[in-house]
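What follows is a short report on a single structure.
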Amino acid sequence: CTPEDVATVNVIAAKDLLGSNHCYLDVRTAEEFSKSHIHHAFNVPYMFITQEGNSFRLSNIYFIN
């Protein structure tokens, strides 16, 4: 996947794309994803919550790899 292949879309467009076999990348934390997510979504966290809690979020250094 290249940056040109990635798109940011609104909710209505996302629903239409999911109906035509596109993938949904959910970048929330694993904890947030486990509470609720779109069926067949892929979770690749952009941030991690440390043991210190929400005020200590760290960027996922592997996010762009």
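Computed from the coordinates by the stated procedures, all read-outs in this text should not be read as laboratory data. Here the structure is a predicted model, which means the values were calculated and not measured. As a convention, Cβ positions derive from the backbone with ideal geometry for all residues, glycine included, and neighbour counts pool all protein chains shown.
Extending 7 Å from Cα along the Cβ direction at SER34 and again at LYS15 yields two label points whose distance is 3.0 nm. Each peptide among 5-13, 26-34 gets the average number of other Cβ atoms lying within 10 Å of its residues, and from highest to lowest they stand as 26-34, 5-13.
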